[in-house]
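The values are calculated or read from the model by the stated rules, or taken from the named source; none is laboratory data. These numbers come from a predicted model, not from an experiment. Cβ: placed from backbone, ideal geometry, glycine included. Neighbour counts: every protein chain shown.
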Amino acid sequence: MNDATHAANATGLKVVGQRPIRPDGADKVTGRAVFGADVHLPGMLIGRVKRSPHAHARILRIDTSAARALPGVKAVVTSDDFPRVGSEALEQGEGSATLVDVADNCLARGKVLYAGHAVAAVAAVSSEIAERALDLITVEYEVLPHVIDVEAAMAPDAPLLNERLFTAGVTPRPTTPSNIAQKTVVARGDVAKGFAAAEVVHEGRYVTVPVHQGYIEPHACVAWAGADGQHQIWCSSQGHFAVRAMCAKVLGLELRDIRVYPAEIGGGFGGKTTVYLEPVALALSRQCGRPVRMVMSREEVFLASGPTSGGVVEVRLGAMKDGTIVAAEVTLKFQAGAFPGSPVGAGSMAALACYAIEHAVVTGYDVVCNRPKVAAYRAPGAPIAAFGVESAIDELAVILGMDPIDLRIRNAVKPGMKAVYGASFREIAFVETLQAIQAHPQYRAPLGPNQGRGVAAGFWFNIGGESSAAVHVDEDGGATVITSNPDIGGSRASMAMMAAETLGLPIERVRATIADTTAIGFSALTGGSRVTFATGMAVVQAAQRVVQDLKRRAALTWECEADQVEWRDGAAYCTDASKEVAPLSLRDLASRSARTGGPISAEVSLNAQGAGPGFGVHVCDVEVDPETGRTTVLRYTAAQDVGRAIHPAYVEGQLQGGVAQGIGWALNEEYVYDAKGVLQNPGFLDYRMPVASDLPMIDTILIESAPNPRHPYGAKGVGEVPIVPPLAAVANAVQRATGVRMRALPISPPRLLAALDGEG
Amino acid sequence: MSRVRIEAVVNGEPVEFLGGTRQSLLDALRDELQLTGTKEGCGTGDCGACSVIVDGRLVCSCLMLAPEADGRTVETIEGLAKNGVMHPLQQQFLEQAALQCGFCTPGFLVAAKALLDRNPDPTESEVRYWLAGNLCRCTGYDKIVRAVMDAAAQMRAAGGAR
Amino acid sequence: MSEQDYVEPATVGAAVAALAAARGSTRLLAGGTDVLVQLRSGRVRPDLIVNLRRIPELAGVRSEDGAFVIGAATPCAVLGEHAALARAWPGVIEAATLIGSKQVQGRASLGGNLCNGSPAADSVPALIAAGAVALIDGPAGRRECPIEAVPAGPGRTTLAPAEILVAIRLPARPVRSGDAYLRLIPRTEMDIAVVGAAVNLTVDAAGVVTAARVALGAVAPTALRVDAAGAALVGSTLDAAAIERMQAAVRAACRPIDDKRGTIAYRTQVAGVLAGRAARIAHQRATQGGQA
């Protein structure tokens, strides 16, 4: 329920839309902020994980006796220390997994499914002893043939990861097991009819390889079991309520017996919406009663945490000569990794969402293979699908001789239209976002030899969901906002700002904290671009309740009716002129709260509906060295339909960060496997993310012409859209610079040079 | 691994601690001196999150052994603000939203301080190339570069005294 | 009483003696930017680490009759700040200051870069092209050898047990000389060279090349000196035909591998490209008054 008076196009906002310093900022620039690996407890042990060297193998025997006997080792666990669990679906924000898969991923049961899969863990008094203990654990494997490539995994004779996996979404239900976990179809209209009418048809096959979210902070937690069965966990995660639930379910415990404290999180991008270490650390701690710290090394992050899928995207577009796209057929084949749950479903829905194509079908395949199980990565599935679709649209623009933005404007979805995936678009500004790029000076900047300009668009749904927030007023008239969403990108600033705006306080009088699982109501994960929308909504509603309470207290003080009190600029005003009373500030009312009913605070829990989808349009200028195949990004501008930017600097930051990830994905990032299925580049040396000298300034345009009326200040989610367009924006720019169309990522120098020389 | 006695000056204060002969300076700072502001992002010198300044030289503390700190001065993020007053770099990072998750921020601030100590008037390109050893995944570097250049301008205007 | 596993000797002689007397495996430690990575991965597990930081002879740069003698453990950042060295040997200095990041350069040394034995080490091709000489001390006394004689293969050197590289001498420079080093990396910084090429030239007053040395990195088990490539440039003014002859000689000399950083075909082709570009830069530096 929203207060319609805070309409999305309200003017006169005092705090929202400004750029104050974030309330938690000083801790982050002084080193005082506590991240997962910074938590230190008395008697704390160090936990380490033993991992499979094989991509696919049966576990015949694990012998931990020598490890247990090593002095200094206090606990050793394997999957024998986890109960058997069922296959209920788990809340993972934009990830998807079942309980048994999450548990088996934490500690392998029966089989290892990727090189790096955890098979045992120890806790010891030092990391040195823990490492020695790992060496003393002997595991007997029966090595099995493995498969990594998605189409190889789909082949009927591919090595099977799970003999009890049958493709869902196919009728009749198959009787032969397969690595294809699921087939999905999103369709409307009649594609045969659409293609029959098309005057131009373009087909392309586009391929991406697995990439990692690349957060700089490795996974880290401390777990401390209580002798009375009440346990504590400190961890860096994107959702400590989800961590609580997953740990409880994996270990067969009750939710109320696990208290999870959110440490600061050093980047997540979806990759920290599941658990790897926490249930293991808690199991170790339960064995010995001491706190156990577990931190992944960077190698382990690459080997064993969830990257995103690699995929094959086959696109067929049918259009008229005037550029109207009348039919589209897309097939997505995504790697899920060791367990089902790739983002092919979301990718299928997002693939054509930008365009009003009457006849369309998107078929998706979720395919398991011997790699780590994928986790969400910023608009999961959409960047891969968009790479294919936006490249294909660009190829169509070339065929038709049309400006690539004009082609998109011709086909763009507008308010009132229905998306290919079914939802109705209401307040969207995709056309305005396209036009903003067309009007930007970069679009007209002169290009020199070997330089080219690429354009691409992107879409993400953004979600709402369950959030809780509390607003407490202090006796001296300041306020604190309490939420339970870990702050990845500066959301505490936005929460404080929205509360300050609603209360009529200057931002300096409002603090924002993130509470543990016992201190605030439930919140779903930080992800899905939902926090400013859904948790913000809860914050505003809680602040509005406080305002109502303050008005009631003023009325009590003035002995007038409640509807004769107005709240303005942080103070109560009596509208009954006969009363002749001075306004009562928040400080005045707070100082006498005991006399007017007690402490002033409110907590709201809600399930936010009506999140606004986001559209982005990017333009990228590159220069290619034709003798080496090296690509330099010269200029980049990202425009996005953001609704309203609560704190514009942090919104700009989301765009810039997503762009940088997308550029890395397009040019240099990839998982490199050897013939045995072992990852060859589990480190930042050879997993090449952009560095500061690789990038230019990234210009941003925030389109606020279509605020979301279902959010008190008009906000739409912004964090995920920015990573969707860059893959194709870069590839399209390379094509314009060289005449060569790269349909496979990454566009690394050896591959581009080979293509330029006509060998690729 | 044996442990040896190490005497160093850390953030202007003389300290004495035991460090392992195979322990990194990073681990010693975090585990022996409880200075957890310096972070491990990779442990192999590829991300710069562990940046500190040793005898005036910017280094990765994950690539030094603890005993190598003996007889040396070490500056970490905890020493950047003096007597509770933030360094212009810290202030600019906050004002320009040059951090999101904040994990890489200590490393960037230490590296940027080392740059401005040497070159008070860097160009954008010089800032980017100097900071190439510090990975950030959240910001795309844009606001970080602006914050460093604005801090440099602020420090030049104030006479560079620090 | 446990045996010492870490020492910091004060002289070269003491360091040599510590190595010679060690019962188990040893590792020398200068900047540590390779050793610590290897310790962490378990690739090396030395019983004794000998840290060279207290030995004055190994740190710093001195001039000797126009030659530069560079202490083998001197951090590359220090070399980058040495104005005379940078004027005389811009190619060597740009190679040394391309290694890793500013943080890495604060510690990494030419000695470590050479003795770590990576075929892709950035400073080695430039040192070879420069005609640098390795000054070595050991149980059998002092000796010298050309830089290119030190690497033996990936991760290996020709140093005898208990020998230490003490310094690297860059010869006195004839007038009108210039050198350059270029490498191909996918990003702009932070990568191991996929290919490296160094060229060192001397020209006469008319700009004709009178001496040329060309060396390559990352295209063979060790850095390569390509005599035929240098010969192709001598007597020319770096016209297109001479450059092409040089590039052909460069490509013919390459024996790279396919790995996660590059393919055989790519390395070979780009080696020629980079050598041509480096030659042009070196020639420009030489003709614009490269000096001793």
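Within this structure, A:TYR215 fails the test of being of a type in the set (Ser, Thr, Tyr), within 26 Å of the chain's Cα centre (by Cα), away from every other protein chain (no Cβ under 14 Å) and surrounded by 14 or more Cβ atoms within 10 Å (Cβ to Cβ). Pairing residues of the range C:250-262 that are away from every other protein chain (no Cβ under 14 Å) with residues that are in a loop (DSSP other than H, G, I, E, B), at Cβ distances under 8 Å and at least 6 apart in sequence or on separate chains, gives C:ALA253/C:VAL219; C:ALA253/C:ALA220; C:ALA253/C:VAL226; C:CYS254/C:VAL219; C:CYS254/C:ALA220; C:ARG255/C:VAL219; C:ARG255/C:ALA220; C:ARG255/C:PRO221. Taking the condition in contact (Cβ under 8 Å) with a residue 40 or more places away in the chain and in a loop (DSSP other than H, G, I, E, B), does A:GLY266 pass? Against the criterion (in contact (Cβ under 8 Å) with a residue 40 or more places away in the chain and in a loop (DSSP other than H, G, I, E, B)), A:GLY266 qualifies. The conditions of being surrounded by fewer than 24 Cβ atoms within 10 Å (Cβ to Cβ) and over 17 Å from the mean Cα position of the chain (by Cα) are met by A:GLY677.
Quick check on C:THR268: is it touching a Cys at 6+ places or on another chain (Cβ under 7 Å) and either part of a helix (DSSP H, G or I) or over 30 Å from A:ASP674 (Cβ atoms) (or both)? Answer is yes for this residue. Residues of the range A:294-317 that are farther than 28 Å from A:GLY347 by Cβ and surrounded by 24 or more Cβ atoms within 10 Å (Cβ to Cβ): A:MET294 alone.
Looking across the range A:172-212, the residues that are closer than 24 Å to A:ASN370 by Cβ, in contact with a helix residue (DSSP H, G or I) (Cβ under 7 Å, 6 or more places away or on another chain) and away from every other protein chain (no Cβ under 14 Å) come down to A:ASN179, A:ILE180, A:THR184, A:TYR206, A:THR208.
Flag: C:ASP258 does not match the condition of being out of contact with any helix residue (DSSP H, G or I) (no Cβ under 9 Å at 6 or more places or on another chain) and loosely packed, with under 14 Cβ neighbours inside 10 Å.
The strands (runs of 3 or more DSSP E) found entirely in the range C:119-212 that carry 2 or more residues being away from chain B (no Cβ under 14 Å) and of a type in the set (A, V, I, L, M) are C:133-138, C:164-170, C:177-184, C:195-203. Checking each residue in the range A:407-431 for being of a type in the set (D, E, K, R) and either crowded, with 22+ Cβ neighbours inside 10 Å or not assigned by TED's automatic domain parsing to the domain that holds A:TYR355 (or both) picks out only A:ARG408.
For the range B:41-53, a residue qualifies if it is within 15 Å of A:PRO682 (Cβ to Cβ) and more than 7 Å from every other protein chain (Cβ to nearest Cβ), but none of them does. Only a single item in (1) touching an Asp or Glu at 6+ places or on another chain (Cβ under 7 Å); (2) away from chain A (no Cβ under 12 Å); (3) hydroxyl-bearing (Ser, Thr, Tyr) is not met by B:THR36, and it is number (2). Restricted to the range B:99-132, and to residues that are of a type in the set (Ser, Thr, Tyr) and either without any contact (Cβ under 8 Å) to a residue 12 or more places away in the chain or touching an Asp or Glu at 6+ places or on another chain (Cβ under 7 Å) (or both), which residue is farthest from the other protein chains (Cβ to nearest Cβ)? Of everything passing the filter in the range B:99-132, B:THR123 is farthest from the other protein chains (Cβ to nearest Cβ). A single entry from A:ALA375, A:ALA360 fulfils the requirement of being touching a Pro at 6+ places or on another chain (Cβ under 9 Å), in contact (Cβ under 8 Å) with a residue 12 or more places away in the chain, small (Gly, Ala, Ser) and not in a helix (DSSP H, G or I): A:ALA375.
If you check B:VAL74 against the conditions, is it within 12 Å of the chain's Cα centre (by Cα), among the aliphatic types (A, V, I, L, M) and over 25 Å from A:GLY214 (Cα atoms)? Yes; evaluated as a whole, the condition is true for this residue.
Restricting attention to the range A:669-697, report how many residues are within 22 Å of A:GLU300 (Cβ to Cβ) and either more than 7 Å from chain B (Cβ to nearest Cβ) or in contact with a strand residue (DSSP E or B) (Cβ under 7 Å, 6 or more places away or on another chain) (or both). So that I can check it myself, show each step before the final result.
Initial filter on the range A:669-697 (within 22 Å of A:GLU300 (Cβ to Cβ)): A:669-674, A:676-689.
Cutting the leftovers down to either more than 7 Å from chain B (Cβ to nearest Cβ) or in contact with a strand residue (DSSP E or B) (Cβ under 7 Å, 6 or more places away or on another chain) (or both) gives us A:669-674, A:676-682, A:686-688.
Qualifying residue count, the range A:669-697: 16.
Among the residues making up the range A:340-366, a single one is farther than 16 Å from A:VAL315 by Cα and of a type in the set (Ser, Thr, Tyr): A:SER342. Each residue in the range C:58-84 was checked for being surrounded by fewer than 20 Cβ atoms within 10 Å (Cβ to Cβ), within 26 Å of C:GLY13 (Cβ to Cβ) and in contact (Cβ under 8 Å) with a residue 24 or more places away in the chain, and 5 of them qualify. Scanning the range C:43-58 turns up at least one residue that is away from chain B (no Cβ under 12 Å), of a type in the set (D, E, K, R) and closer than 19 Å to C:ALA134 by Cβ. Considering the conditions (1) under 22 Å from A:THR637 (Cα atoms); (2) in a helix (DSSP H, G or I); (3) in contact (Cβ under 8 Å) with a residue 40 or more places away in the chain, B:LEU135 is excluded by exactly one of them, (2). Every test in (1) free of Cβ contacts under 8 Å to residues at least 12 places away in the same chain; (2) among the charged types (D, E, K, R); (3) part of a loop (DSSP other than H, G, I, E, B) is passed by A:ARG595 save one, and that test is (3). Applying a threshold of 9 Å to beta carbon distances and a minimum spacing of six or more residues, or different chains, the list of pairs starting in the range A:27-45 at a residue that is charged (D, E, K, R) and ending at one that is in a helix (DSSP H, G or I) reads A:LYS28/B:PHE93; A:LYS28/B:LEU94; A:LYS28/B:THR105; A:LYS28/B:PRO106; A:ARG32/A:ALA26; A:ARG32/B:GLU78; A:ASP38/B:ARG30.
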